[in-house]
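The values are calculated or read from the model by the stated rules, or taken from the named source; none is laboratory data. Keep in mind it's a predicted model, so treat the numbers as computed, not measured. Glycine gets a Cβ as well: all are built from the backbone with ideal geometry, and neighbour counts include every protein chain shown. Calculation scope for accessible area: heavy atoms of the full protein, side chains included, ligands and nucleic acids excluded. Shrake-Rupley method; radii C 1.70, N 1.55, O 1.52, S 1.80 Å.
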Amino acid sequence: MGTASKRVFIGIPAGEELREQVLAFHKQHARLPVRWIQPQNLHLTVVPPWLCDKPELVCSALGDVAALFASTDVQFTSVSAGPDAAEPHLIWATGNTTQFFSTLRHELYSRISLQKSDERPFFLHLTIARVRRDEQQTIIRMKFRAPVVWNACLRGLSLYESVLKPTGAEYRVLCGATFSHEKQ
């Protein structure tokens, strides 16, 4: 008997320092009409969701790829509505993307047998809240944008299962791998 496919994606979990910065921002902006992402679910998506029959093979590939990389620092400089300001679905923190992410994605795609469904270059973002459809106009009128300086160290990769529920997606970590080198 085969196992059912799981909806999975590869992400980099937000470390403690980044989760604390997001929590402080949440407290400062608690009146925003959004559904905040739970701290344990904060992550940077590296490979978008796909249906996977054999997550154990992906877990093995994660370990191989993580062994090639050192932990890396990133900086988020702005929090705004996105991805389309005219029809915002989320509130996200963004920053400058480095070559690290292109190289990381290339290594992952070369070891995991799946087609690139998204050819766009990686865009550094961290979703911190979701905008309810009935509140989109409120967010649009606010022209919400806040400068931030959030520094974070990215230390590894995780394979997440995304379970879609009426209240929103819930994530479960299926496996993880730590980058094997310390940052230079």
field: Test result for residue 19, within 23 Å of residue 178 (Cα to Cα) and in contact with an Asp or Glu (Cβ under 9 Å, 6 or more places away or on another chain)
entry: no
- prompt: In the range 7-29, which residues are over 16 Å from residue 130 (Cα atoms) and either open to solvent by less than 60 Å² (accessible area, probe 1.4 Å) or of a type in the set (Val, Ile, Thr) (or both)?
  reply: 8, 9, 10, 11, 12, 13, 14, 15, 17, 18, 21, 24
- prompt: Out of all the residues in the range 133-163, which are open to solvent by 30 Å² or more (accessible area, probe 1.4 Å), over 19 Å from residue 83 (Cβ atoms) and of a type in the set (A, V, I, L, M, F, W, C)?
  reply: 149, 163
statement: Taking the range 99-132 and the residues there that are touching a strand residue (DSSP E or B) at 6+ places or on another chain (Cβ under 7 Å), part of a loop (DSSP other than H, G, I, E, B) and open to solvent by 20 Å² or more (accessible area, probe 1.4 Å), the one that is farthest from residue 146 (Cα to Cα) would be 114
statement: Contact list, first residue from the range 30-58 and open to solvent by less than 20 Å² (accessible area, probe 1.4 Å), second anywhere and in a helix (DSSP H, G or I) and β-branched (Val, Ile, Thr), beta-carbon distance below 7 Å, six or more apart or interchain, is 42/22; 52/58
message: Within the range 20-29, does at least one residue satisfy the condition of being touching a residue at least 12 places away in the same chain (Cβ under 8 Å), touching a Gly at 6+ places or on another chain (Cβ under 9 Å) and of a type in the set (A, V, I, L, M, F, W, C)?
response: no
field: Condition check for residue 173: part of a strand (DSSP E or B), modelled with pLDDT of 90 or more and open to solvent by 60 Å² or more (accessible area, probe 1.4 Å)
entry: yes
query: What is the residue count in the range 1-35 for residues that are among the aromatic types (Phe, Trp, Tyr) and either at pLDDT below 95 or more than 15 Å from residue 79 (Cα to Cα) (or both)?
result: 1
